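Read through the structure below, which is laid out as structure tokens, and then see the notes.
The values are calculated or read from the model by the stated rules, or taken from the named source; none is laboratory data. Given the structure is predicted, the values throughout are model-derived calculations rather than measurements. Counting neighbours? That spans all protein chains shown, and the Cβs are built from the backbone with ideal geometry, glycine included.
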């Protein structure tokens, strides 16, 4: 009986020792896990923080611009019409040809005009001879009348005949002038240097006065006509620089100069018409092309620019988040200004040394901590105060 009690006591002591050993192993494992967790927290302090990418703001000199749309037009353009009737005997130019001022483009039966000129010269010679003869006759009768050998009536008749002779001579001179003008108009000439934009007639065609013959345009220089709003009308003046762009040459910009500013505002559109002139020696620009216009009106220094992607639009306006040295974000309301190649002017509580969030700002809270990442998603250790802040988002030099 005593031996059984002793064996039962030994069995209970053995089980108790096993339980104590199991509890010790479990406790040790928990301590190890807690220790590993603390080490992990020390190695990754940003674990669980919102990941963001940041960019340094830029400080630049900017040019305030007025933007508009317009159309290229020829500086000089004319429709040449027939000044005399007649048949076309020769056409000396074709569409697209370059012409100089005074160059003959077309002839309208010049031989007939030469014959008419010869006839007018003969009539003038005849009228001149008759005028001389009438003067001599009046001189004889006037001498006779002074000796009472001719009546006053004959003298009056002689004077009237002389006046008629002079009138016929004057009319003949006028006809001669018209004949010379008709001969000159028989050779149609270019009024200014340019290009033949259109030819409307053919050889052998009979013309009436006023029938259009050619359209001539000057393409160098060429002009751009555009309109600016009533608000900006006071900022435009003659001599300002203009930059143009057209669809046929994407990415290329053309420089022009304002030459005409309309003295009045269009009462229907409330806009001001402006004309700018630009060289076109190679003839690449053509009248009728649609153009985008940028007109610089003022230059400002030390303007803070932020990436366009850093801006968020709210009901109250534009906001962005800047990052403090402690990797905490601060929400900053801003007013935007000029745009330039993905950067935009931001007027608000910003300093030239600030960094702004460009990715991941959608759900940030004002004053919250963030984890700054590279584009590859690698966490960036916050630099020391004396170390420069790297540009992480776009690589644009600040």
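Remarks
- Total residues in segment 149-198 satisfying the condition of being modelled with pLDDT of 90 or more, over 30 Å from residue 279 (Cβ atoms) and not in a helix (DSSP H, G or I): the figure is 2.
- Checked against the criteria, residue 293 counts as surrounded by 15 or more Cβ atoms within 10 Å (Cβ to Cβ) and closer than 24 Å to residue 237 by Cβ.
- Here segment 333-353 is the region considered, the condition is being out of contact with any helix residue (DSSP H, G or I) (no Cβ under 7 Å at 6 or more places or on another chain) and either in a loop (DSSP other than H, G, I, E, B) or over 27 Å from residue 296 (Cα atoms) (or both), and the residue that is modelled with the lowest pLDDT is 341.
- Flag if residue 86 is surrounded by 15 or more Cβ atoms within 10 Å (Cβ to Cβ), in contact (Cβ under 8 Å) with a residue 24 or more places away in the chain and at positive phi: yes
- Residue count, segment 168-217 (criterion: without any contact (Cβ under 8 Å) to a residue 40 or more places away in the chain and either touching a strand residue (DSSP E or B) at 6+ places or on another chain (Cβ under 9 Å) or surrounded by 19 or more Cβ atoms within 10 Å (Cβ to Cβ) (or both)): 1
- Residues in segment 83-121 that are within 38 Å of the chain's Cα centre (by Cα) and not in a strand (DSSP E or B): 92, 93, 94, 95, 96, 97, 100, 101, 102, 103.
- Any hit, segment 50-61, residues being more than 43 Å from the chain's Cα centre (by Cα), part of a helix (DSSP H, G or I) and at pLDDT below 90: no
- Across segment 222-239, the qualifying residues are those that are at pLDDT 90 or above and surrounded by 15 or more Cβ atoms within 10 Å (Cβ to Cβ), and the one among them that is farthest from residue 285 (Cα to Cα) is 228.
- So residue 87, is it over 30 Å from residue 303 (Cβ atoms) and out of contact with any helix residue (DSSP H, G or I) (no Cβ under 6 Å at 6 or more places or on another chain): yes
- Condition met for residue 249 (out of contact with any strand residue (DSSP E or B) (no Cβ under 8 Å at 6 or more places or on another chain) and within 20 Å of residue 280 (Cα to Cα)): yes
- Elements of type strands (runs of 3 or more DSSP E) contained in segment 254-332, each with 2 or more residues being touching a strand residue (DSSP E or B) at 6+ places or on another chain (Cβ under 6 Å) and within 30 Å of residue 380 (Cα to Cα): 290-307, 317-323
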